[in-house]
1. Of the numbered conditions (1) open to solvent by 40 Å² or more (accessible area, probe 1.4 Å); (2) under 18 Å from residue 293 (Cβ atoms); (3) not small (Gly, Ala, Ser), residue 175 fails exactly one; give the number of that condition.
2. If you go through the stretch 236-257, how many residues are surrounded by fewer than 19 Cβ atoms within 10 Å (Cβ to Cβ) and out of contact with any His (no Cβ under 8 Å at 6 or more places or on another chain)?
3. How do the helices (runs of 4 or more DSSP H) wholly within the stretch 307-384 filter down when requiring 2 or more residues that are in contact with a Lys or Arg (Cβ under 7 Å, 6 or more places away or on another chain): which remain?
4. Out of the residues in the stretch 352-399 meeting the condition of being under 15 Å from residue 234 (Cβ atoms) and of a type in the set (Asp, Glu), tell me which one is most open to solvent (accessible area, probe 1.4 Å).
5. Select from the stretch 191-228 the residues that are of a type in the set (Phe, Trp, Tyr) and within 22 Å of residue 150 (Cα to Cα) and list them in ascending order.
6. Determine which single condition residue 290 fails, assuming it passes every other condition in (1) surrounded by fewer than 21 Cβ atoms within 10 Å (Cβ to Cβ); (2) in contact with a strand residue (DSSP E or B) (Cβ under 6 Å, 6 or more places away or on another chain); (3) acidic (Asp, Glu).
7. Under 6 Å by Cβ, and 6 or more places apart or on different chains, what pairs join a residue from the stretch 314-340 that is touching a residue at least 60 places away in the same chain (Cβ under 8 Å) and more than 12 Å from residue 217 (Cα to Cα) with one that is open to solvent by less than 30 Å² (accessible area, probe 1.4 Å) and among the β-branched types (Val, Ile, Thr)?
Amino acid sequence: MPEGLTRQQLYDRIRQSSKEEFILEEMTRLGFWARDVNKPSVPETLIQQEGGLQRQLNELLQEKAKYRNKQRLLTDMRKERMAKAKAKRAETKQRNEQKRIERAAAWAEKKQQDIIYLGEAVSAGLNKNTSNEAQLQHFGLPVYHNAQQLADAMQLALGKLRFLAFNRSVATTTHYQRFQLPKKSGGVRTISAPMPQLKAAQHWILENILYKVSNSDAANGFVRGRSIVTNAQPHIGKDVVVNIDLKDFFPGIAYKRVKGLFCKLGYSEQVATILGLICTEPEVDEIILDGRKYFVAKTDRVLPQGAPTSPAITNLICFKMDRRFEGLSKKYGYAYTRYADDMTFSAKGDAAAKVGQLLWAVKKVVAEEGFVLHPDKLKVMRKGDRHEVTGIVVNEKLSIDRTTLRKFRALLHNVELTGLSGKKWGKGSIIASMEGYANFVAMVKPEQGKKLKAQLAALFSRADIKAEAQAIWKNEEQPQQDSSVSPQTPNTQDTPTPPKPSGPEKPWWKVV
């Protein structure tokens with residue numbers, strides 16, 4: 001037996017060829033058979049051929065044995081395919097998992113560097129982040145192509161900017177504090193005062209973008225250097241004065257229109273989307289569920305009345321309408337001004353007879369510009385009537401309604417004698433309403449207003465009246481209001497005024 005081989009290994013080796021071939025190999029290995037490599041002997045060749053034939057025969061017999069059992073053959077084939085498929089699945093799974101990990105890492109990195117989702121129905125254009133630099137330069141506006149550049153300019157973290165702009169149909173937090181104020185015409189007006197962080201962002205937008213764009217010459221409301229006085233002056237001494245009011249002015253301007261304004265100014269759709277969301281808010285219902293308060297949106301996003309950006313945005317949106325009204329006024333011989341949603345037309349002489357034609361054209365323009373006229377606030381004042389524009393009488397000169405002024409002076413006298421108890425002025429807080437009216441008089445009649453403000457300050461400096469005023473404020477438990485809202489003035493607009501600039505040592509829009 002050859003060295004190193006077991007009996008079973010020996011049998012297996014013989015089966016692979018033939019007994020004679022095995023013996024020949026062993027004899028040659030042990031030197032009992034002299035091998036002529038160049039010319040093998042005939043017996044050696046025959047033995048090798050026999051061994052080769054035997055091996056082929058063994059292979060054929062094995063194949064034949066397989067085909068005898070078809071079920072076994074099919075089972076082996078199926079196992080082989082399953083093994084290959086399983087290996088391929090494992091490879092594919094590993095490859096897909098690696099791709100998933102890579103995508104997740106890329107997504108996380110992109111979220112850190114960009115804003116790619118801000119809620120349903122508002123995120124479609126966030127992938128467009130190239131602004132029109134030529135258009136922005138035309139308006140003198142800063143260039144921001146994407147969310148990161150905007151966040152850096154506002155000195156906000158990208159996550160904070162996303163939080164302020166995110167559109168939620170149901171939320172557990174709100175960016176606004178809402179309260180109601182009575183309207184002069186009856187009913188109530190909902191004021192949405194932004195919380196400090198959002199208010200700071202809105203002030204930044206107001207100062208760095210909205211205030212840099214010029215308004216129409218007709219716009220007098222919430223425009224620096226203009227007021228209800230400049231709004232009334234063009235209508236002094238006219239034969240006919242027409243006042244027109246727009247219905248649901250701020251709530252009538254939807255988010256898409258605000259976003260479109262920023263796009264028109266030249267900003268990319270990504271930046272315009274963020275700016276539009278920060279400046280708009282849906283009306284919400286407050287619902288308590290399981291002891292937790294939820295804010296559920298019941299309308300689309302619109303301009304909130306109380307946000308500092310809303311008046312400036314409406315002025316820019318109304319720019320085209322103002323230009324069209326200026327053209328109509330020139331055609332019919334009228335003067336035209338607008339204070340927020342309060343529009344005034346006036347004329348003298350023959351032009352006053354064309355008021356019907358003017359009104360027909362005005363209604364058509366208002367509808368085409370996407371607004372609705374208030375049916376109860378169209379007022380045509382002719383000769384002999386008291387002509388009043390944004391609370392100021394303009395028949396011959398700028399003046400104040402004498403009856404109201406006498407009542408106010410009587411109120412001051414009564415407060416001086418018997419205090420604030422039982423007194424009433426305006427439809428809001430008596431203290432704020434009195435201060436508002438004194439400021440209003442000072443705008444129209446500076447000398448009279450100065451005296452009234454001094455008299456009012458003297459009253460509230462008295463210890464008894466001061467204590468009474470503090471008690472009134474405490475009892476009313478009035479919510480924190482935007483200091484720029486002045487509903488107590490005779491003007492019918494309960495909207496915020498432009499913010500006052502502060503010293504250079506600290507940006508005034510920053511939150512402490």
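1. (1)
2. So in the stretch 236-257, the residues surrounded by fewer than 19 Cβ atoms within 10 Å (Cβ to Cβ) come out as 237, 239, 247-248, 251-252, 254, 256-257.
Filter once more, so that each one left must be out of contact with any His (no Cβ under 8 Å at 6 or more places or on another chain): 237, 239, 248, 251-252, 254, 256-257.
Final tally of qualifying residues: 8.
3. Details: elements: 310-317, 319-332, 355-368.
Answer list for the stretch 307-384: 319-332.
4. So the residue we want is 396.
5. Once the filter is applied, which keeps residues that are of a type in the set (Phe, Trp, Tyr) and within 22 Å of residue 150 (Cα to Cα), the stretch 191-228 yields 204, 211.
6. Here residue 290 clears every test but (2).
7. Note: pairs meeting the criteria are 340/495.
The rows are residues; the columns are (1) at pLDDT 95 or above; (2) over 23 Å from the mean Cα position of the chain (by Cα).
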{"site": "289", "(1), (2)": "no, yes"}
{"site": "315", "(1), (2)": "yes, no"}
{"site": "320", "(1), (2)": "yes, yes"}
{"site": "324", "(1), (2)": "yes, yes"}
{"site": "328", "(1), (2)": "yes, yes"}
{"site": "338", "(1), (2)": "yes, yes"}
{"site": "368", "(1), (2)": "yes, yes"}
{"site": "383", "(1), (2)": "no, yes"}
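The values are calculated or read from the model by the stated rules, or taken from the named source; none is laboratory data. Because the structure is a prediction, the values reported are computed rather than measured. A quick note on method: Cβ atoms are made from the backbone with ideal geometry, for glycine too, and the neighbour counts reach across all protein chains shown. Side chains included, ligands, DNA and RNA excluded: accessible areas come from the protein's heavy atoms. Shrake-Rupley method; radii C 1.70, N 1.55, O 1.52, S 1.80 Å.
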